[in-house]
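Working notes for the structure below.
The values are calculated or read from the model by the stated rules, or taken from the named source; none is laboratory data. Only a predicted model underlies this, so the values are computations on that prediction, with no experimental measurement involved. Heads up, the Cβs are rebuilt from the backbone with ideal geometry, glycines too, and the neighbour counts pull from every protein chain shown.
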Amino acid sequence: MTNEPRCLACERGVPKLGRRQCPECRQPFRAGWEGIDAHWRARHEAVMPYEAFWTALCRRHRAADSVGCPCCLKGIPLDGPRQCPECALVFRGKGWEGLDAHWKSHLDVLSYEDLLASLCPAHKLDADRSSGFLRLE
Ligand SMILES: [Zn+2]
Ligand SMILES: [Zn+2]
Ligand SMILES: [Zn+2]
Ligand SMILES: [Zn+2]
């Protein structure tokens, strides 16, 4: 056995964004990792000591959940075609058609449910509908 720290959340396939969940029992946490220490010590201390679990978490997993819209974070324009915030794939017809099928390849990053919940209203709309006004140039 090596002493190389392994991120338990990566090992268990916990999404890297969205609501934090316990990698052992999948209990979701309300705000970031709030309460994980007490939860871990009470239930999973036998699996791994809390300090070892916590220090082994990778950076993406240790960060508190990103509350922001993933499209805003990536700087995807509001009125352009819809783009996957993870791999920048451009969707056809300025809408989100096919996103659910496409997102299946990014489930290790964020669950589809959490993706929809974190998109801002402006990005959630199809681009066609979000520009329902005349632009003055
Ligand atoms: Zn990880
Ligand atoms: Zn747990
Ligand atoms: Zn947005
Ligand atoms: Zn993608």
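Quick check on my filter: what residues within segment 53-91 are exposed (fewer than 13 other Cβ atoms within 10 Å of the Cβ), of a type in the set (Gly, Ala, Ser) and either free of Cβ contacts under 8 Å to residues at least 24 places away in the same chain or more than 15 Å from residue 124 (Cβ to Cβ) (or both)?
Scanning segment 53-91 gives 64, 75, 88.
How about segment 11-33: which of its residues are within 14 Å of the chain's Cα centre (by Cα) and on the phi > 0 side of the Ramachandran plot?
13, 18, 32
Considering only residues that are outside any helix (DSSP H, G or I) and either under 14 Å from the mean Cα position of the chain (by Cα) or within 16 Å of ligand 4 (Cβ to nearest atom) (or both), look in segment 34-68 and name the one that is modelled with the lowest pLDDT.
The extreme case among them is 66.
Checking residue 107 against (1) outside the structural domain of residue 38 (by TED's automatic domain parsing); (2) at pLDDT 90 or above; (3) touching a Cys at 6+ places or on another chain (Cβ under 9 Å), which test does it fail?
Result: residue 107 passes all but (3).
Among the residues of segment 34-46, is any surrounded by 13 or more Cβ atoms within 10 Å (Cβ to Cβ), touching a residue at least 40 places away in the same chain (Cβ under 8 Å), within 15 Å of ligand 1 (Cβ to nearest atom) and over 25 Å from residue 123 (Cα atoms)?
no
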